[in-house]
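The values are calculated or read from the model by the stated rules, or taken from the named source; none is laboratory data. Since the model is a prediction, treat every value here as computed from it, not as a measurement. Reconstructed Cβ throughout: ideal geometry from the backbone, glycine too, with neighbour counts over all protein chains shown.
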Amino acid sequence: MLRSMAASSILLPGVLDELLRAEDAAAGPLVPKATHHPARAKRVIFLFMTGGVSHVDSFDPKAELYRRAGEDGLLGSLWKSRRWGTHGTEATELFPEIASQIDDICLIRSMRADHINHVEATLGMHTGSISLPRPSIGSWISYGLGTVNQNLPSFVAIAPHLPYAGTHVFSNDCLPAYHQGVRLVPGPDPLPNLKRRTPIEEIQQLELGLTAALDREHLGERSTDSNLAARIKSFETAFAMQKEAPDIFEFADESDETLALYGLKRGQTTGFGWQCLVARRLAERGVRFVELIDSGSEVNWDHHSNMSLHEGMARSVDRPIAGLLQDLKRRGLLDDTLVVWTTEFGRTPHKESGTGRGHHHHVFTSWLAGAGVKAGYVHGASDEIGLKIAEDEVHVHDFHATILHLMGLDHERLTFRHAGIDLRLTDVHGKVVHDILT
């Protein structure tokens, strides 16, 4: 029928006109929106380390653990501590490449989460809720700000494997479905089914136009169906992505020096270096929120019996993350890009099952870099063995409030009415950590 329509052109003008009207209408939910206050950041790159990175073995080393190792079950670190950067910030040699960029990083050594289990803590770090699924922070930012590039999704999650809590980490939940994260899986075909089935673009336009016309007639009687609205938007975004997205995954225009910065070989399509370079390419093309998940729920940072396994995990992400920071900075993108590095919780200063460490949500370390954040700064502190917060606690809700603030969003005003309640990322909590802001 469509081929006949195309040949005769009897209905072509009307169908294409419907397609254009559908595109204009569908652009509405994701067009750029005004901020609540002047924003310091235009976009976020969110680096999530699955499983619980040990703070006392990385960015919050404790001399007392070395001194008292073996006493009362305390476990000394396997990695030596040293001072890095112009301010002499102390960190271990677990992440030497990232530590070499410490002058551009703001460490928060007083993070606190609400749950000791992976699923709940991972859910909390992404959604602010440890009990019920809620919209992801990326979805909230998409909802609050829209996107500057209608040819690409506003929120992208690059995940070779799903972490604890699964797809909830990039879910829209009750927000309109077009704010959900689009998952990319590293490999030769990171976004399947992107190529059109027919080489004739006009035929595809006709198909989409007719589909859009029927969908919108259907939606007219079901105006509250966000899934249907999202389906319409997804078709149109996918149509636009056919031209723009393939270029994102093609690194021919990247120099050998840039690839080496990320630890990549030409032609490589997997690894955390690939994820980081794709994140930069998405960010510079206007994607609001890009999350990089380093591993899944099977093999990750959850080392209860052998802390030496942290070494291999660190080696896979250390150079790529340092390269990302350097690349963003030299391109001028770090000035308005917020880079977030976090995990769901830390690990105990005491040993567990031999030479491992248990889960520890009472204090851990996260860091920020880039737009509006004090560079080379350390906020908060844990006690002498990394067991408790000693000063300037930063709860996960405060962490979220600060990220939203840097994006120009007031966490108390960014709400969505659902089931009679005005939901927000920070629930009824959270305060902006102004001390870390420039």
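Structural remarks
- Among residues of the stretch 77-100 being surrounded by 20 or more Cβ atoms within 10 Å (Cβ to Cβ) and out of contact with any strand residue (DSSP E or B) (no Cβ under 8 Å at 6 or more places or on another chain), the one that is nearest to residue 340 (Cα to Cα) is 95.
- Condition broken by residue 175, with the remaining ones in (1) more than 17 Å from the chain's Cα centre (by Cα); (2) free of Cβ contacts under 8 Å to residues at least 60 places away in the same chain satisfied: (2)
- Of all the listed residues (348, 415), the sole one being within 30 Å of residue 176 (Cβ to Cβ), of a type in the set (Val, Ile, Thr) and in contact with a strand residue (DSSP E or B) (Cβ under 8 Å, 6 or more places away or on another chain) is 415.
- The residue that is surrounded by the most Cβ atoms within 10 Å (Cβ to Cβ), counting only those in the stretch 399-438 that are outside any loop (DSSP other than H, G, I, E, B) and of a type in the set (D, E, K, R), is 435.
- Of all residues in the stretch 351-392, those being farther than 19 Å from residue 306 by Cα and free of Cβ contacts under 8 Å to residues at least 60 places away in the same chain number 3.
- Checked across the stretch 100-110, the condition of being farther than 26 Å from residue 39 by Cβ, part of a strand (DSSP E or B) and out of contact with any Leu (no Cβ under 6 Å at 6 or more places or on another chain) holds for at least one residue.
- Residue match in the stretch 273-287 (condition: among the acidic types (Asp, Glu), in a loop (DSSP other than H, G, I, E, B) and either surrounded by fewer than 22 Cβ atoms within 10 Å (Cβ to Cβ) or under 19 Å from the mean Cα position of the chain (by Cα) (or both)): yes
Residues checked against (1) of a type in the set (S, T, N, Q); (2) modelled with pLDDT under 95:
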site: 96; (1), (2): no, no
site: 101; (1), (2): yes, no
site: 108; (1), (2): no, no
site: 120; (1), (2): no, no
site: 123; (1), (2): no, no
site: 142; (1), (2): yes, no
site: 150; (1), (2): yes, yes
site: 155; (1), (2): no, no
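- Number of residues in the stretch 363-398 that are more than 25 Å from the chain's Cα centre (by Cα) and buried (at least 24 other Cβ atoms within 10 Å of the Cβ) equals 2.
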